[in-house]
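Undergrad: Handing you this structure, nothing more for now.
The values are calculated or read from the model by the stated rules, or taken from the named source; none is laboratory data. Note that the coordinates shown come from a computational prediction; the quantities given were computed from them, not determined experimentally. In this analysis, Cβ positions are derived from the backbone assuming ideal geometry, glycine residues included, and neighbour counts consider all displayed protein chains.
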Amino acid sequence: MDACPSSRLGSSRSGESEYCGPAAHLCPEDRPEETAAAVNAWAARHALAE
């Protein structure tokens with residue numbers, strides 16, 4: 001069994017999270033494209049990016 005079978009990016013403070021797919025340990029290292037897409041989508045939702 002994997003220690004971390006899936007990866008989620010998010011903040012418990014804001015209540016937002018984004019599933020980025022399976023990851024062995026650290027999402028940014030294991031799924032860099034998905035992590036970047038999730039961060040960009042979050043920034044766009046909060047009018048922080050064009």
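Undergrad: Could you tell me whether residue 3 is modelled with pLDDT of 85 or more, among the aliphatic types (A, V, I, L, M) and part of a loop (DSSP other than H, G, I, E, B)?
TA: Judged against the criteria, residue 3 is not a match.
Undergrad: Sticking with this one: Need pairs with beta-carbon distance below 7 Å; first residue modelled with pLDDT of 90 or more and within region 28-50, second exposed (fewer than 11 other Cβ atoms within 10 Å of the Cβ); sequence gap 6+ or separate chains.
TA: Cβ pairs passing all conditions: none.
Undergrad: Hey, could you check region 6-27 for residues that are surrounded by fewer than 11 Cβ atoms within 10 Å (Cβ to Cβ) and assigned to a loop (DSSP other than H, G, I, E, B) and say which is modelled with the lowest pLDDT?
TA: The residue in question is 12.
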